[in-house]
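The values are calculated or read from the model by the stated rules, or taken from the named source; none is laboratory data. The shown structure was predicted, so the numbers you read here are calculated from the model rather than taken from an experiment. Quick reminder, even Gly has a Cβ in these numbers, built from the backbone with ideal geometry, and neighbours come from all protein chains shown.
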Amino acid sequence: MDTIIKWLTPPRFEDPNKNRAAQFLHYLLLSALILLGAFLVYLIAAGDSAFQPSTWQMLGVLWLVLLGLEISVHHGYVLEASYAFILSSWLALNWQAWNATGIHDTAFMANFIIIVITALLLGWRAAVAITALTIGYGYVLAYTETYEIITYQEISPAFSSFRDMAIIFTLVILTLSLTIASLENAIKRARASEESLANANEELRKVQEGLEAHVAEQTRDLTLATEIGQDISQIRDLDQLLATAVERIRSHFDLYYAQIYLLNQDNTLLILRAGTGAVGKALLARNHQLDLDSQSISGLAVQDKRPLIVTDTAQSPLFRPNPLLPYTRSEMAVPLIISDKVLGVLDLQSTTPDSLNEDNLTAFETLAGQLAITIENASLFREQQRLASELQDNTRQFQENASFLDTIIENIPTMLFVKHADDLRYLRWNKAGARLIGVAAEEFIGKTDYDFFPKDEADFFAQKDREILENGVVVDIPEETIETVDKGTRLLHTIKVPILDTEGKPLYLLGISQDITEQKEAERMLNERVKVLNLLNEIGRKAEEQLPLDEFLTYIANQVPNGMQYPELCQVAITVGTEIYGNPQSIDLPHQIVKGLRVEGEQVGQIYIAYTENKRFLNEENALIGNIGGRISDYIASRRLLNRVQATVEGLQTVAEVGTAITSQQDTQQLLQNIVDLTKTQFNFYHAQIYLYDAAIAALALAAGAGETGRQIVSESQPIPLATPQSLIARSARERRSLVVADAQTDPDCVPHPLLPGTRSELAVPLSVGEQLIGVMDIQSSEKDGFSSEDINIQTTLASQIAVALQNAEQHERTQAALDEVNALQRTLTREGWQAYMTAINRPTKGFKTSQNEIQPILSHENHQTKGNDDDDKNIAIAYPLSVRGTAIGQIGVTSKGKPLSDDDLELLESISEQVAEALERARLFEETEVARSQTEALFTGSENVVRSTSLDEILQSLVKATALKHMERVTLLLFDEPWQENPPNYATISATWLNEGMEGLVEIGTTYAIDQYPLLQALHKDSPFIIDDFATEPRIDENSYRLLVEELGLHTAITIPLVSGEQWIGIVLGLSSVASQIGSSDLRQIISLAGQAATMAQSQQLYQAAQSRAQHEQILREVSARVSAAVDAESVLQTATREIGRALGLETFVYLKKTSEEQ
């Protein structure tokens, strides 16, 4: 509802004309929307066929346009909506007239309303324009009808015309009503304005009378202000000016206090520069200042650039009282402004409220303006004096700089000259230029280039100079020649700069020339060096490509001329052995350089570099040729090394192939035969054989030989003693290194076998793994010197692999035998494990069976057999053993009533039996593992607690709680007086006791037992525990032990665990119980494991207590000695000794002297 009321209410705007137009347009649009909407509803209800569809569409569009205009008016687009409404309405009416009866149509007559509305909304000019447009359009309608250009509809019926005229009349009266209402409102506003104007004239008259009196008072104040301004304007010193100004202002205007603040350079602080009376002096003495952003009256006046008045300080929140000025009742702050620049503030204070007000503000503003000008003038005067002083300093500095500049110009090492722009005569020429040209500097002044240089050089210089002066730009001449008196032709790098006046006309020409002759020569040498380096880089790059030697040498022979001074005349040839690469003519040319090519100290060739003409070789070229020769030598050496490496790689690859072939063989004899056969064939040797070392006889026996010949030699051979001096095989084994016989026919250590007549050289390589000698591999070649260093290295590598393979084969044989033993042991352990598992006291069942589809347990005492039912001979029983690693642990079977099982059923049953057996084994191992895990956790926790124990009692408590000892009734820790070694100790002492819940202690800690009185203790051993299941039936128990343990203590079972730390047996842990108690083997191992740590900690406690005791005794000894030593006579010594010894030992003490003759 609020929204509807808002849209029915005319919008309001600040501009009255816009508000009037909006109100008029709102009512007009609202009326038009209502009338047009009602008309459309009427047409729809009446079904009037006089209107064409296009007319309906036009009216609907017009209604929507009017609605949009109403919305635009509410959004502030009043003028735009007015134009749109008039234009759309005019177009709609005349479009209707065109489509109806033309100029006779009532729509055309309604243009009268549009003209009136235009006048009201847009003024008379817009109304005249619409009127002219309507008249023209009416002429068009009349013309087209008269000459029958367009045939219009027949004149509407009378009621239709009446309807149309009624609508027009309604719009006319609505328009006139709105117009009259607007005129009445205008008349009311005019009358109200007339009354307001009369009241304003009366008030103006009264103000004028008051102003006349006020003007007189202000005139007086202005006169005083002017006089003060004239007086202070003659003062030039700023401090004196300000002090005089505030004093004159205070006295002339009878003020309580006056002061002037000036802004600092950063415009952040107001600094007090002058104040009247004693208060002003006090504030100046303490450098009084105000922050500009403070809320003081002066600060606000400066910030706002306008005066600020407090007429009554008691009523104003702006006033900030000053304790030094207690009687201030009114205050005025006037900013000192000149050209919109604030210099400071004039602050005035009075003891009378309202004495400083708007009436006298003008005078003080005038005075503040004069003060600002005077302050500015004083500042300018001070600045002028400062500038004058600076000018004198600058003049002196300029003279010094000029002298300094002359000194620089004359002493710089670069030629510098200055020419007049008009005639190019020299104005300045420095010493460097004079030295370069060879002519004194004074001779250049007033002369031109034509006076010193040849005409062609002078013409070139003059032409360049004129171009530079005409263009007015700096010119850089990278290189130009000049003839000098004593240095010949020189190369110069010149920069010429035109010196222009303020109008851009050239005055002088400055020239700076640098002698670059040596630089150019250095550049030439550098280019030669770069050329050489490029050549060497190219050679290096080619060397990295690892080209064949002939290609590489040919490439160098073709490239070397590019690095020489005269490449077109240079020819190169390289010789290696009998081969020549490059140009062979170079060898015979007379002008040449020859460098030898040496590899590993041997000359392998030469490089020839020659000129076809008589040209001198530079030193750099000699060095280049030596460098190239060295690179060629290195390349030849690298190629030879590469060939050897490739041969080695191929040999090693063969070694790898042989090694791969032999590693898969486990039989030692077959392995040996494969080794010698492969070695001979793969390496193309004459013969290969292997000797194995027999440590029992210290001899080497031939174990395998290649081929049939080798087998025959093996069958006939005899062992070679390791100590045989003239045997290559024995020497290699003794010295553990490879030995070579280059010529087998002349070497005394080599005795060729009759079956191997072609042997010319022989290699013996020891077979060893670490320090263990396995044997010797003997290789024979049919060529003299048939083994190179690479061959020796390769065979040594192969020998290492053979030794490992032989050791592995031997190890395999031993491992296989051990594996067989392990398997047998595993079967035994499995059998024993299942026996223990089945005999466990907490396992009441040993299996399950089905009866009438129900699962029933097979109890441990039942003797279940797999058989048929005795009452039914047709039942068939089939059973398969449950076997784990060859050990039968049970049976699985089925009973079939009269029908035998098929092969598939039997196969299924057999397969299931295997799976069930494995599952049972896994379950048993899992249970044992869980038990072991829980014991391990307990062992770990107990070990940690034992290690952390700080007393013997804590050690025993931790040991008992972590082991099966906690099931005993009491556990005692007994320590020997000395470690039990070959002889038993004297006694054992109870050092700690643990009692189970509900038990009472029978023996006190500290009780000592003599070992010799208890033979049972002498039966103990440090390496194993001592367990007594029943004292009554134990044959080893002696009478004393029986009386103590059985009769006195009533015990039944005992376990004794030795405490051994390192190799020292220091005591025992004794567990006792009055009832039978069994401790399993695993529990016993856990107790023994923790007992070792407990022994170590107990021994540490003993050592610690002994150390404390010794330290205490030593401390007592030192104290007694010190006090006794401090005594000065014999009696004091005796008294002190008696007292201190008694106090230390806690015993009655005596000390006395005896006569020397008295017998002891």
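For the reader, a short list of remarks on this structure follows.
- Of the residues ILE1027, ILE1116, ILE1037, the single one that is without any contact (Cβ under 8 Å) to a residue 60 or more places away in the chain and either of a type in the set (Asp, Glu) or under 30 Å from ILE1141 (Cβ atoms) (or both) is ILE1116.
- Within the stretch 521-540, residues that are on the phi < 0 side of the Ramachandran plot reach partners that are surrounded by 11 or more Cβ atoms within 10 Å (Cβ to Cβ) and small (Gly, Ala, Ser) with beta carbons closer than 8 Å, at six or more positions or on different chains, in the pairs LYS531/GLY563; VAL532/GLY563; ASN534/GLY563; LEU535/GLY563; LEU536/GLY563.
- Only one of GLY596, GLY626 that is modelled with pLDDT of 85 or more and farther than 21 Å from GLN546 by Cα: GLY596
- Qualifying position, being touching a Phe, Trp or Tyr at 6+ places or on another chain (Cβ under 8 Å) and either within 23 Å of ALA698 (Cα to Cα) or surrounded by 14 or more Cβ atoms within 10 Å (Cβ to Cβ) (or both), among ILE802, ILE792, ILE779: ILE779
Residue-wise test of (1) outside the structural domain of GLY1050 (by TED's automatic domain parsing); (2) at pLDDT 85 or above; (3) farther than 30 Å from SER991 by Cβ; (4) not small (Gly, Ala, Ser).
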residue: LEU909; (1), (2), (3), (4): yes, no, yes, yes
residue: SER913; (1), (2), (3), (4): yes, no, yes, no
residue: ALA919; (1), (2), (3), (4): yes, no, yes, no
residue: PHE926; (1), (2), (3), (4): yes, no, yes, yes
residue: THR929; (1), (2), (3), (4): yes, no, yes, yes
residue: SER958; (1), (2), (3), (4): no, yes, no, no
residue: MET968; (1), (2), (3), (4): no, yes, no, yes
residue: LEU974; (1), (2), (3), (4): no, yes, no, yes
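- Residue match in the stretch 974-983 (condition: over 24 Å from GLN1108 (Cβ atoms) and part of a helix (DSSP H, G or I)): no
- So ASN267, is it at pLDDT 90 or above, over 21 Å from ALA363 (Cβ atoms), part of a loop (DSSP other than H, G, I, E, B) and not β-branched (Val, Ile, Thr): no
Matching residues to (1) in contact with a helix residue (DSSP H, G or I) (Cβ under 7 Å, 6 or more places away or on another chain); (2) of a type in the set (Ser, Thr, Tyr); (3) more than 30 Å from GLU523 (Cβ to Cβ):
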{"site": "LEU391", "(1), (2), (3)": "no, no, yes"}
{"site": "SER403", "(1), (2), (3)": "no, yes, yes"}
{"site": "TYR426", "(1), (2), (3)": "no, yes, yes"}
{"site": "GLU442", "(1), (2), (3)": "no, no, yes"}
{"site": "GLY472", "(1), (2), (3)": "no, no, yes"}
{"site": "LEU491", "(1), (2), (3)": "yes, no, no"}
{"site": "ILE495", "(1), (2), (3)": "no, no, no"}
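- Hits in the stretch 692-740 (condition: closer than 28 Å to ASN793 by Cβ, free of Cβ contacts under 8 Å to residues at least 40 places away in the same chain and part of a loop (DSSP other than H, G, I, E, B)): ALA706, LEU722, THR724, PRO725, GLN726, SER727, ARG736, ARG737
- Total residues in the stretch 85-133, condition of a type in the set (A, V, I, L, M), in contact (Cβ under 8 Å) with a residue 60 or more places away in the chain and not in a loop (DSSP other than H, G, I, E, B): 5
- In the stretch 614-625, the residues that are touching a helix residue (DSSP H, G or I) at 6+ places or on another chain (Cβ under 7 Å) and part of a helix (DSSP H, G or I): GLU620, LEU624
- Residue identified as over 30 Å from ARG425 (Cα atoms), exposed (fewer than 13 other Cβ atoms within 10 Å of the Cβ) and either of a type in the set (Lys, Arg) or within 51 Å of the chain's Cα centre (by Cα) (or both) among GLU545, GLU551, GLU538: GLU545
The rows are residues; the columns are (1) under 30 Å from LEU624 (Cα atoms); (2) not aliphatic (A, V, I, L, M).
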{"site": "PHE453", "(1), (2)": "no, yes"}
{"site": "ALA458", "(1), (2)": "no, no"}
{"site": "ASP465", "(1), (2)": "no, yes"}
{"site": "LEU492", "(1), (2)": "no, no"}
{"site": "GLU503", "(1), (2)": "no, yes"}
{"site": "TYR508", "(1), (2)": "no, yes"}
{"site": "GLN519", "(1), (2)": "yes, yes"}
{"site": "VAL532", "(1), (2)": "yes, no"}
{"site": "ASN537", "(1), (2)": "yes, yes"}
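- Taking residues in the stretch 347-365 that are more than 12 Å from ILE249 (Cβ to Cβ), and partners anywhere that are surrounded by fewer than 23 Cβ atoms within 10 Å (Cβ to Cβ) and of a type in the set (Asp, Glu), the pairs with Cβ atoms closer than 7 Å and at least 6 places apart or on different chains are PRO353/ASP312; ASP354/ASP312; ASP359/GLU217.
- Scanning the stretch 10-39 for residues that are over 13 Å from GLY76 (Cβ atoms) and polar (S, T, N, Q), we see that the one that is modelled with the lowest pLDDT is ASN17.
- Among the residues of the stretch 369-395, those that are small (Gly, Ala, Ser), surrounded by 13 or more Cβ atoms within 10 Å (Cβ to Cβ) and at pLDDT 80 or above comprise GLY369, ALA372.
- Residues located in the stretch 249-272, provided they are within 60 Å of the chain's Cα centre (by Cα) and buried (at least 16 other Cβ atoms within 10 Å of the Cβ): TYR261, LEU262, LEU263, LEU269, LEU270, LEU272
- Hits in the stretch 134-150 - residues which are in a helix (DSSP H, G or I) and without any contact (Cβ under 8 Å) to a residue 12 or more places away in the chain: ILE135, GLY136, TYR139, VAL140, TYR143, THR146
- Residue within the stretch 1028-1046 that is assigned to a strand (DSSP E or B) and among the small types (Gly, Ala, Ser) present: no
- The stretch 474-490, residues that are of a type outside the set (D, E, K, R), closer than 20 Å to ASP451 by Cα and in a strand (DSSP E or B): THR481, ILE482, THR489
- Residue pairs meeting the criteria (Cβ under 6 Å; at least 6 apart or on separate chains; first closer than 15 Å to THR796 by Cα, in the stretch 665-684; second buried (at least 19 other Cβ atoms within 10 Å of the Cβ) and β-branched (Val, Ile, Thr)): ILE675/ILE662; ILE675/ILE802; VAL676/ILE690
- The stretch 808-860 - residue that is assigned to a helix (DSSP H, G or I) and basic (Lys, Arg) and, of those, modelled with the highest pLDDT: ARG814
Per-residue answers, yes or no, for (1) touching an Asp or Glu at 6+ places or on another chain (Cβ under 8 Å); (2) surrounded by 12 or more Cβ atoms within 10 Å (Cβ to Cβ); (3) of a type outside the set (A, V, I, L, M):
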residue: GLU969; (1), (2), (3): no, yes, yes
residue: LEU995; (1), (2), (3): yes, yes, no
residue: GLY1006; (1), (2), (3): no, no, yes
residue: TYR1009; (1), (2), (3): no, yes, yes
residue: TYR1014; (1), (2), (3): yes, yes, yes
residue: PHE1026; (1), (2), (3): no, yes, yes
residue: ILE1037; (1), (2), (3): no, yes, no
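- Scope the stretch 408-454; condition out of contact with any strand residue (DSSP E or B) (no Cβ under 8 Å at 6 or more places or on another chain), surrounded by 15 or more Cβ atoms within 10 Å (Cβ to Cβ) and closer than 16 Å to ASP515 by Cβ; matching residues: LYS431, ALA434, ARG435, VAL439
- Residues in the stretch 249-264 that are touching a strand residue (DSSP E or B) at 6+ places or on another chain (Cβ under 7 Å) and part of a loop (DSSP other than H, G, I, E, B): LEU255, TYR256, ASN264.
- From the list PRO353, PRO413, the one residue that fits, being under 22 Å from LEU510 (Cβ atoms) and in a loop (DSSP other than H, G, I, E, B), is PRO413.
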